[in-house]
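Asks: First, the structure itself, so that you have it in front of you.
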Amino acid sequence: MNLNTKKFLVGVKEYGLITFGILCYVLGWSIFLVPNHLVGGGVTGIASIIQYATHGLIKMGYTYFALNVILLIIALLTLGRNFGVKTVYAILIASVGLNIFQDIIPTVFIEQIALANGKLMSTIMGAILVGFGIGLTMSQGGSTGGTDIIALVVNKYRNVSPGRMVLITDAVIILSSLLVPSFDSEGNLIPFVEKITTVVYGFVLITLVSTVLDLTIQGSRQSVQLFVLSKHYREIADMITETLHRGVTVLDGKGWYTKENTEVLMVITRKNDLHVLLREIKRIDPNAFLSVSSVTGVYGKGFESIKGGRKN
């Protein structure tokens, strides 16, 4: 497989995962949150407040897209062109989806799966879909826009959890919903007391979203360290570097039981690639001895970068 083909396949995979993440994000809002007139954070939260205040005349997708254009300019200047391309793609899909899915999803389906289960269950289910969608999109180098962009900008220079950044900024947006009048699906003004309850659900929502977001990102970036002892260590090392494109360190060792010198391979790779690595090692040497352990952080080429402040 040549380099261009490999880059193409990697790009298809990344954009495919981003598309799936945005789909989860949009479905979370369209099925569970909007029908219950719940308010979340970020640009989508602002867009939902405006939609409720205008009785649906200004749909979420329009406000979502307009506000994200400003934040997108900031992202292009700070995070680079590649981030911007993926985020433009994600924002366009989300903007269209937030408008279309509210109309094409059957009302009966929404009543059965969301409205019938109450606001609390809808908040939980919506938060899982939204948080997973954001996390999956961010893990591929994109963003659903809004406070996600702010979180990634800060995370580029500081080791601050993206979920925590989203949580703080979203809290301010949810509280602002108390100052804006809202109308239900029948055009009736929602009482202020009920809006206070909605704010409480909003805080539950962003807390769950930030938790699912961090879990999704950490899961996609988790790494493992392997020690491999095998008489076929040369073949295994060549397979890892040439096929899996991972680095290998050969350590000199000595088996104290046999008193024989031996070579030990040390490999660090993503947890998602572990099953492929183990399968290939078993194919080369079914009797290989392996030790696998999780690592809390890996910094360097091919993994994470050490973040610090801007240089003067």
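Asks: Please compare each pair in Lys13/Lys271; Lys7/Lys282; Lys259/Lys282; Lys231/Lys254; Lys13/Lys59; Lys231/Lys271 to a cut-off of 23 Å on the Cα-Cα distance and tell me which ones are over it.
Replies: Lys7/Lys282; Lys259/Lys282; Lys13/Lys59; Lys231/Lys271
Asks: May I pose another question? What is the percent carbon and sulfur in the accessible area of the chain, measuring with a 1.4 Å probe over the protein chains and ignoring ligands? Don't skip to the end; give the middle numbers.
Replies: Working: 10710 of 16910 Å².
Using a 1.4 Å probe with all protein chains present, the chain comes out at 63 percent carbon and sulfur.
Asks: Tell me what the chain gives for mean residue ellipticity at 222 nm when only DSSP H runs of n ≥ 4 count, each as -39,500 (n - 2.57), the sum divided by the residue total, rounded to 500 deg cm²/dmol.
Replies: Mean residue ellipticity at 222 nm (helix-derived): -20000 deg cm²/dmol.
Asks: Related question: Enumerate the aspartates and glutamates that Lys119 could reach by cross-link, defined here as Cα to Cα under 16 Å, with residues fewer than 8 away along the same chain left out.
Replies: Hits, sequence-local ones excluded: Glu111, Asp184, Glu194.
Asks: Beyond 34 Å, how much of the Cα-Cα pair distribution for the chain remains, as a whole percent? Before the final figure, lay out each step's value.
Replies: On the way: 17378 of 48516 pairs.
Tail of the P(r) past 34 Å holds 36 percent of the pairs.
Asks: A further question on this structure: Where the only charges are on Cβ atoms (+1 Lys, Arg; -1 Asp, Glu), what is the dipole of the chain about its Cα centre, to the nearest 20 debye?
Replies: I would put it at about 1020 debye.
Asks: For the stretch 1-147, what log10 I(q)/I(0) values come out of the Debye formula at q = 0.09, 0.16, 0.17 1/Å, with one point per alpha carbon and no solvent?
Replies: Scattering profile of the stretch 1-147, log10 relative to I(0): -0.29, -0.83, -0.92.
Asks: Next question, about the same structure. About the Cα centre of the stretch 176-272, how large is the charge dipole given +1 on each Lys and Arg Cβ and -1 on each Asp and Glu Cβ? Please answer in debye to the nearest 20.
Replies: 440
Asks: Taking R0 as 45 Å, what FRET efficiency do you get between Glu242 and Ile105 from their Cβ-Cβ distance, rounded to the nearest 0.05?
Replies: 0.40
Asks: When you count, for each residue, the other Cβ atoms within 10 Å and take the mean per peptide, how do 273-280, 235-242 rank with the highest first?
Replies: Descending mean neighbour count gives 235-242, 273-280.
Asks: Right, next: With just the Cα atoms of the stretch 5-68, tell me how far they stretch along each of the three principal axes, in Å, largest first.
Replies: Principal-axis extents of the Cα atoms in the stretch 5-68, largest first: 49, 24, 18 Å.
Asks: Could I ask something else about it? Suppose we take every Cα in the stretch 104-150 and form the convex hull; what volume per residue is that in Å³?
Replies: Output value, Cα hull per residue: 96 Å³.
Asks: Using the basic label-point model (7 angstrom from Cα toward the beta carbon), what is the Glu235 to Leu120 distance in nanometres?
Replies: For Glu235 paired with Leu120, the spin-label model returns 6.0 nm.
Asks: Here's something else I'd like to know. Using the per-residue mean of other Cβ atoms lying within 10 Å as a proxy for protection, in what order, highest first, do the peptides 44-56, 172-184 fall?
Replies: Going by the mean number of other Cβ atoms within 10 Å, highest first, we get 44-56, 172-184.
The values are calculated or read from the model by the stated rules, or taken from the named source; none is laboratory data. The structure displayed is predicted, hence computed values, not measured ones. Heads up, the Cβs are rebuilt from the backbone with ideal geometry, glycines too, and the neighbour counts pull from every protein chain shown. In case anyone asks, the SASA skips ligands and DNA or RNA and just uses the protein heavy atoms, side chains included. Shrake-Rupley method; radii C 1.70, N 1.55, O 1.52, S 1.80 Å.
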